[in-house]
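Just so it is clear, none of the values below were taken in a lab; they were calculated from the coordinates. This structure is a prediction, so every number in the text was calculated from the model and none was measured. Here Cβ is always computed from backbone atoms with ideal geometry, including for glycine, and neighbour counts include all displayed protein chains.
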Amino acid sequence: MGGVTSWRSRTAPLFLVLAASLALGPVALAAPPDPGTPVLAAPPVGDPDPLVPGVVGAGSAEYPMDTPDQVLPPLPPEGDVPVPEPEEEVDELVEYLPRSAVGAAGTACTAKASTYQRRVERLLGLRVDGKQSAADCRAIRAFQVKEKIKPAAGYAGPVTWARAELLAARKNLDPGRRCPVKTYAVACVDLDRQLMWVRKGKKVTYQVVNVRTGRPGYATRTGWHTVYWRHKDHWSSIYDTPMPYAQFFSGGQAFHAVYGQLATPGGSRGCVNLSYADARKLWGVLRKGDRVYIWGKRPGH
């Protein structure tokens, strides 16, 4: 458990904290191949092949937003220090690719199926076998082109999956009827699909959006919770870094904004992360005392 760090450090440059994806170093893109029949390129044997942004310069830096101990409530603020506004709009539609698929392979498909392959196949009406094929690549690439996901490489990465889940939910919000319908406001968080919305009775008061929840070892706690404290300009008491529009519902777990891309290979340390724009909008919807209901399990965890 960490203590409160110096509040003066908040005036220091915050740009030194880099996203984990950028720590892998820049990767050069080759000229795109013929957009006809996809070419499947297998990754090198023995290469762990981590996912990296598929566009050079994408994957903007973000702050380590969540504290390591998400059981205890946050410490009260020591002062009213505004959190910074985002410097620029984040491109949420840059897909992550295996490192081997970027560069020499260009935007060719990879034979390595992602952990999202089956889900994307189901959402796009493809044969659900969890294996990447030339036919899968064509269908996934067509979806990426339509939704302006870059690069349109036909790889079922986290961005493609998140976008497909969101579009499906806009047509059929809660097919499993998992979120209880109450006369009062309920913030519904679906860990299976990494989505959230707010409803009061049968009326949806906050439309469904993508979220990012807890990584392995830092699972977002399921069940009923209550928004017990809200702090618009919240700072992590351990990392001394901003958590904009924080609305705490279970110990140190909260809804809050992140500055970097939302649909990434990793997860949070328990909090429910939203884009800056979505978190700001949610701030105007929820109130102290509102209920939160969370179910499911983050895919791959």
**Message:** I'd like to know how the range 89-205 sits against the 2.2 N^0.38 Å rule of thumb: what's its Cα Rg over that expected value?
**Reply:** 1.22
**Fill in**
Hull volume per residue for the range 262-301, using the convex hull of the C-alpha atoms, in Å³ is 92 Å³
**Message:** Output wanted: per-residue J couplings in Hz (rounded whole) for the range 227-236, from phi through Karplus 6.51 cos²θ - 1.76 cosθ + 1.60, θ = phi - 60°, x for Gly and Pro.
**Reply:** 5, 9, 7, 10, 9, 4, 10, 7, 10, 5
**Request:** Find the percent of Cα-Cα distances in the range 186-301 that exceed 24 Å, and round it to a whole number.
**Result:** 15 percent
**Message:** With just the Cα atoms defining each centre, how far is the range 243-301 from the range 159-190? Give it in Å.
**Reply:** 15 Å
**Two-site label geometry, Glu92 and Thr222: point separation in nm, points 7 Å out along Cα→Cβ** = 2.5 nm
**Complete:** Working note, the range 197-251: Cα radius of gyration (Å, one decimal) and Dmax (Å, whole number) are 13.6, 40
**Complete:** With the 8 Å Cα cutoff and a minimum separation of six or more residues, the range 162-301 has a relative contact order in percent of 29 percent
**Fill in**
Proximal lysine pairs in the range 129-271, meaning Cα under 17 Å and 8 or more positions apart or interchain, come to 5
